[in-house]
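The values are calculated or read from the model by the stated rules, or taken from the named source; none is laboratory data. Because the structure is predicted, anything quoted here is derived from the model rather than measured. Positions of Cβ are generated from backbone atoms using ideal geometry, with glycine treated the same way; all protein chains shown enter the neighbour counts.
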Amino acid sequence: MSAVQEAVTDAPAVEAVPKRALTLGTGTSLTVLAALILAPLFVKNFIIFQMTMLLVYGLAVLALNILTGGSGQFSLGQSAFYAVGAYTSAILMEHAGMNYALTLPIAGLICFIFGFLFGQPALRLSGVYLALATFALATAMPQLLKLGYIEHWTGGVQGLVVTKPDAPFGLPMSQDMWLYYFTLVITIAIYVFSVNLLKSRSGRAFMAIRDNEIAASAMGVDVALYKTLAFGVSAGITGVAGGLGAIAVQFVAPDGYTITLAIQLFVGMVVGGVGWLPGSIVGSAFIIFVPNIAEGISKGLSGAVFGVILFLVIFLVPHGARQVALVARHLLGKLKKS
Amino acid sequence: MHSRLNLPFAAVAATVIAFASTTSALAQKKYDTGATDSEIRIGNIMPYSGPASAYGVIGKTEAAYFNKINAEGGINGRKIKFISYDDGYSPPKAVEQARKLVESDEVLLIFNPLGTPSNSAIQKYMNAKKVPQLFVATGATKWNEPKEFPWTMGWQPSYQSEARIYAKYLLKEKPDAKISVLYQNDDFGKDYLKGLKDALGARASMVIAEESYETSEPTIDNHVVKLKASGADVFLSITTPKFAAQAIKKLAEIEWKPLHIVSNVSASVGSVIKPAGFENAQGILSAAYAKDGADAQWDDDAGMKKFLTFLQKYDPDGNKLDGSVVYGYGVAQTMVKVLEMCGDNLTRDNVMKQAASLKDFVPDTLLPGVKINTSPTDFAPIEQLQMMRFKGEKWELFGDIISGELSN
């Protein structure tokens, strides 16, 4: 936890709007974008599916990053918002026959409201207490989804099977590839939105609250409003990620959205670098691929191997991918000079 | 590459099957992805980590069993390559692993993936890809739907059929029973409860009290006390091992002595009865389809001797008292039997065809009289169980082998 706090309070003192702390340079951004667009053309469908999940979890980590890195509030309850988004999309698609693309804004909106409302009582809590309150939300969610009253809609313990969409307009691409590009467009849109949000007046208000709540309120920032707003935005983005995840996996069930997912997202955020948005995708890659690597090393001890890798990462680069990126830039700068 | 090959390949496979069924002696070598002259690749998904990691033993036992088959020369000269991945009991991860097995490792089939949620998540994909999802490790009832899901097949008796057997027993032996039920609030518990009520039919009102618990609860004591207060004289415990043992202890502690029935999942002497105390477990009823490694009555049994020799030689870490080890052995043996029946025609079509034509097959670890039978319309391999009563330090089987077939 201390690494997080350190990163959270370690705000750049020089720039009022720390653009560099938020984003990558234009050149790097374009390279990453080109790689994300071209890669699916050369790999198997299975890898494309993994890349889709990479983007989906990346979005969820990004949402947590806005909340924790932006406004300085903790959440271990992101899995609950993810679940609500996933179920909203699944239910609308399967029971109401709605188009998959239309279900996403609805999932986002419902989660925004849910998160905003949850943010109200959360206002009274801070730090570890808030983490604990959101933890309760994450623990309760799988059980709530099993409730008898809504079983008709949620499918109860058996879950719901979701139909995967075909590429529209007769485009000659596989379902996986279409879904990947669809997810990519949404991810880029949300990423641009998030970066702009954090650079805007609201974003500065978030960061002011993060750095010093009393000072922020003295400056005229409506602390209560902006704290709940951060919760709402974060929950909304997580909900969209949940909906996309449900469509990609083609299945929702209470067991898919346990506290383990919330902790994974938290790990992803820390590994990617708290408050550094491009790190979200790195964090997402960490939570998807490192367990596979750990399993390759030892089946019986996969959990322990994962723990060791995580420990090494936190120990060697406590600020995650952000630190690696900074060092890389520093080295590049030196090379150019000499 | 797969899609280009598909059409002619399927046509050839179909003709070969038609051909083989008339003149089996002339069967040619036929392969789908995942099988060659020297190798058969089998995929598997297990929760080696996560909340259900205790079941990971099944995957290890299966790997050991296939090692034994390979050491003994393989199946018709082909070695088995068993690729087993961890899904941590998470459905999204199961989808990822299933796709990896089918599209990247190019396995012939996925064998015995564990867990109802994980199997539900991959069922549609497997059937769309036409890759066998064979002998799934879950007792849900929905795996026996050959029309809708011709590529998915179960193995163990379904929870509903087991519940049916208890209902039949109660209707016959104790028609005026007042039944109380403690069940786990998940697919296992709910499926089971449905089976019980369906089988009681018009007499479903015999169930006078129900309590559900979550696996996250540390103890179920208060549920047991509530059920006692309902005045019931039958206590049906639809619980997993830890909670079954707690219930047995609690019943003794509050001196409640109803007719106590424990689901087969928790009938293990080693992991439930012994920790709960033999003196507290006298007279408990359950039903079984496999032999219990902790039960001395099987020490001289030919099948169990083979099982124990296997453990000694290929799986020294395997605990014979662990029901999951006995399970893994039995299901792996069934898989090998199906692959042997396939002969040189190792297409996915033929694997399903052979899996659906098992006749009176008896793995070493099943109770005497319990046989595996399947047909193109019956994808539920094991449907028989026998009632048993706990006496002294072991289970005593009684009555006939009963079929829990849902059509009855």
Single residue of A:Val270, A:Val252 found to be within 10 Å of chain B (Cβ to nearest Cβ) and either under 24 Å from A:Leu179 (Cβ atoms) or surrounded by 22 or more Cβ atoms within 10 Å (Cβ to Cβ) (or both): A:Val252
Selected residue (only one of A:Thr68, A:Thr139, A:Thr103 is under 15 Å from the mean Cα position of the chain (by Cα) and hydroxyl-bearing (Ser, Thr, Tyr)): A:Thr68
Test set (1) over 17 Å from A:Gly155 (Cβ atoms); (2) in a loop (DSSP other than H, G, I, E, B) - B:Phe149 fails condition number: (1)
Unmet criterion (only one of (1) in a helix (DSSP H, G or I); (2) under 17 Å from A:Phe231 (Cβ atoms); (3) more than 13 Å from chain B (Cβ to nearest Cβ)) for A:Phe169: (2)
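Rundown of residues vs (1) modelled with pLDDT under 90; (2) crowded, with 20+ Cβ neighbours inside 10 Å; (3) touching a helix residue (DSSP H, G or I) at 6+ places or on another chain (Cβ under 7 Å); (4) assigned by TED's automatic domain parsing to the domain that holds B:Asn373, yes/no style:
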| residue | (1), (2), (3), (4) |
| --- | --- |
| B:Ile261 | no, yes, yes, no |
| B:Val272 | yes, yes, yes, no |
| B:Pro275 | yes, no, yes, no |
| B:Gly293 | yes, yes, yes, no |
| B:Lys306 | no, no, no, yes |
| B:Cys342 | no, yes, yes, yes |
Given (1) under 11 Å from the mean Cα position of the chain (by Cα); (2) at pLDDT 90 or above, number of the condition A:Gly279 does not satisfy: (2)
Hits in segment B:42-77 - residues which are in a strand (DSSP E or B) and either within 14 Å of chain A (Cβ to nearest Cβ) or at pLDDT 95 or above (or both): B:Ile42, B:Gly43, B:Asn44, B:Ile45, B:Met46
Options B:Asn127, B:Asn112; residue that is within 12 Å of another protein chain (Cβ to nearest Cβ) and touching a strand residue (DSSP E or B) at 6+ places or on another chain (Cβ under 7 Å): B:Asn127
Cβ-Cβ under 7 Å pairs, at least 6 apart or on other chains, segment B:102-121 side in contact (Cβ under 8 Å) with a residue 12 or more places away in the chain and more than 22 Å from A:Ala253 (Cβ to Cβ), far side in a loop (DSSP other than H, G, I, E, B) and of a type in the set (A, V, I, L, M): B:Leu109/B:Val131
Yes/no for B:Thr365 being more than 23 Å from B:Val107 (Cβ to Cβ), touching a residue at least 40 places away in the same chain (Cβ under 8 Å) and surrounded by fewer than 22 Cβ atoms within 10 Å (Cβ to Cβ): no
Residue count, segment B:95-109 (criterion: facing chain A (nearest Cβ under 8 Å) and touching a Ser or Thr at 6+ places or on another chain (Cβ under 8 Å)): 0
Positions within segment A:181-200 being out of contact with any Ser or Thr (no Cβ under 7 Å at 6 or more places or on another chain) and farther than 18 Å from A:Gly275 by Cβ, in sequence order: A:Tyr181, A:Phe182, A:Leu184, A:Val185, A:Ile186, A:Thr187, A:Ile188, A:Ala189
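For the subset of segment B:137-152 comprising residues that are within 14 Å of the chain's Cα centre (by Cα) and away from chain A (no Cβ under 14 Å), which member is surrounded by the most Cβ atoms within 10 Å (Cβ to Cβ)?
The extreme case among them is B:Ala137.
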Enumeration of residues in segment A:220-241 that are of a type in the set (Gly, Ala, Ser) and not in a helix (DSSP H, G or I): A:Gly220
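For B:Thr116, indicate whether it is surrounded by fewer than 24 Cβ atoms within 10 Å (Cβ to Cβ) and either closer than 22 Å to B:Asn185 by Cβ or modelled with pLDDT under 90 (or both).
In short, no.
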Filter pass, B:Leu311 being modelled with pLDDT of 90 or more and assigned to a loop (DSSP other than H, G, I, E, B): no
